[in-house]
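Chemist: Next up is a structure, given as C-alpha cells.
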Amino acid sequence: MTLTEWLAWQERLHPQAIDLGLERVAVVRDALGLAQPPYRVITVGGTNGKGSCAAWLTALLRAAGHRVGTFTSPHLIEYNERIVVDGVDAGDAELCEAFEAVDRARGDESLTYFEFGALAALHHFRESGCTVVVLEVGMGGRLDATNTLDADAAVVVSVGIDHTEWLGDDREAIGYEKAGIFRSGRPAVCGDPNPPRSLLDHVERIGAHLVLTGRHYGHTVHGDGSWDFRGLNTEYTDLPQPNLPGFMQYGNAATALAALDAVPDLFPPDRDAVARGLVSARLRGRFERLSDTPRIVLDVAHNPDGARMLARQLAAEPVSGRRLAVCAMFADKQVEATLAALDAEVDHWLLAGLEGPRAATGAELAARAGRAGLHGSIEACIDVPTALARARALAAPDDRIVVFGSFLTVAAAMRPV
C-alpha cells in the first residue's frame, strides 16, 4: 500500500477515533520487541507548550551529539512531520515499512490511528539507530499511547482546561491525567508555576523526583534578549536568545533544560551545546510570521490559555494599523473563552469553517462570538482560504492579520493560494 492508503486504512481500523488505554498498545509493543527499547526516552505532556518543549529537547540533544528521534502530533501539512530522526522527516517508504511491521505484530489487536502511528514511530526509531527519543503526548498522558514506554525523564509543561470530554472538566482532574507519564525514582519536571494538587500528590505517591519551575529551576531574561538558567545541578549564564519566536519560549526552553539537567548522564553540562541547541531549534506554526506587508502571524493557539499567551505576544509587538483575526475551531472547544482572550488585540474577526464531524461552521462561530460579547466587528466565512483572502483584501500595509484556532486552520493558511 502507499502511505495515503495506509493512513486511510488506519482511520477505519478501530471503531473509535479516540480510545484511551494502554492494554492493546502494550501487547503490540511487546510483539515488536520494544518493551525495553535500545534508546533513552523523554516524554513531554502539557496543555500548551509541549510541542515547543519537544523541539527544544530535540535541538539540545542533537547539539550534544545524540541521534534523536522525535514523535509529535498532529502534523501541519504532511503526516511525515510526526516521525522525525535528526531533523529529517521519515520518508514514505520508511513509514510504510514501519506500518507493515506494526500490522504484522498486532495480530488481532485493533489500534486507533494515533496508536498505530505511535508504535510505528517507536519501531522506526529503533531501526534508525536513535540514542534518545522525544515523545510528545497526544492527549492527557496516563492513558496515551506514548506512555507505553517508561521515560527516563518526563515533562508536564502546563496544565490548563482542554479535552474535557476525555480528561475531566477541571485542572485537578486534568493534572492527574497528565501526571501519569511520571515514573517512580525518575525526574518529574513541571513547567507550570501553579500545578494542581493532584499532580503534586501523584509525584509524591509514586516516589518520582519533582523538578518544579520557580522552586527547583528558573531563568532570568536580560534586556538584550540573552538569558540565564539555573537548575538543580547546573547554571548557564549569558545564553543566546531562543530561536523560536515568542516570550513564552524562554520558559519552554528552560523547562527542556531542567529535564536534561536532571539526567546528567544523558546530557552532561556543556554550555556550547546548549547555545547551539538554542539557535538551531525549528518548529512551525508557533507565532510564525507569514508576511510583513501586511504582517501575517500564524499560531496554533486553540484554547483559552494558548490564546492568552498569543494575545500577550501580540500586545508586545503592536502595529499602527487595524488588527484582523482569521479563526476556525472545532465546535467542542471553548470557543467563547478562546476568542474573548484575544478580544483586546482584534478589531475585525473573520470566522471560518473547518471540515469534519467536530468542526464548527463560520456562521456557528460567529454566533458564539456574538455571545462572547466581543468588541470587534464579526464576519463569517465559508473556510480558512476564503477568510484569509478576505483579510488580505481588507488589510492595508500597516495592518496585522493573525490566523489561529487549530492546526488545521494554520495548515490551510500555509498552503499556497
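Bear in mind that the values in this text are calculations on the coordinates, not laboratory data. Please read all numbers here as calculations on a predicted model, not as lab measurements.
Chemist: At 0.36 nm per residue, minus the direct Cα-Cα distance, what do residue 131 and residue 226 gain on full extension? Give it in nm, one decimal, please.
Modeler: Going from the current span to full extension adds 31.2 nm.
Chemist: Rounded to the nearest Å, what's the spacing between the alpha carbon centres of region 48-65 and region 18-36? Just the number, please.
Modeler: Taking the Cα centre of region 18-36 as reference, the centre of region 48-65 is 25 Å away.
Chemist: Once you've got the GNM for the chain with C-alpha springs shorter than 10 Å, pick whichever of 188, 301, 369 has the biggest mean-square fluctuation.
Modeler: Of the options given, 369 has the highest mean-square fluctuation.
Chemist: Also, quick follow-up: In Å and on Cα atoms, what radius of gyration and Dmax does region 288-414 show?
Modeler: 12.7, 39
Chemist: So, one more: Give me the extension gain from residue 375 to residue 77: residue separation times 0.36 nm, minus the current Cα-Cα distance, reported in nm with one decimal. Could the numbers behind the result be given before it?
Modeler: Values: separation 298, 0.36 × 298 = 107.28 nm, distance 3.33 nm.
Full extension from residue 375 to residue 77 adds 104.0 nm.
Chemist: Through the Karplus equation 6.51 cos²θ - 1.76 cosθ + 1.60, θ set to phi - 60°, convert the phi angles of region 339-346 into ³J(HN,Hα) values in whole Hz; use x for Gly and Pro.
Modeler: 5, 4, 5, 9, 4, 5, 10, 9
Chemist: Note down the relative contact order for region 163-281 as a percent, whole number, built from C-alpha pairs under 8 angstrom at least six residues apart.
Modeler: Relative contact order of region 163-281: 20 percent.
Chemist: Roughly speaking, what is the centre-to-centre gap between region 349-381 and region 300-336 when only Cα atoms are used, to the nearest Å?
Modeler: Distance between centres, Cα-based: 13 Å.
Chemist: How high is the relative contact order of the chain, given as a whole-number percent (alpha carbon pairs under 8 Å, six or more residues apart)?
Modeler: Once normalised by length, the contact order is 15 percent.
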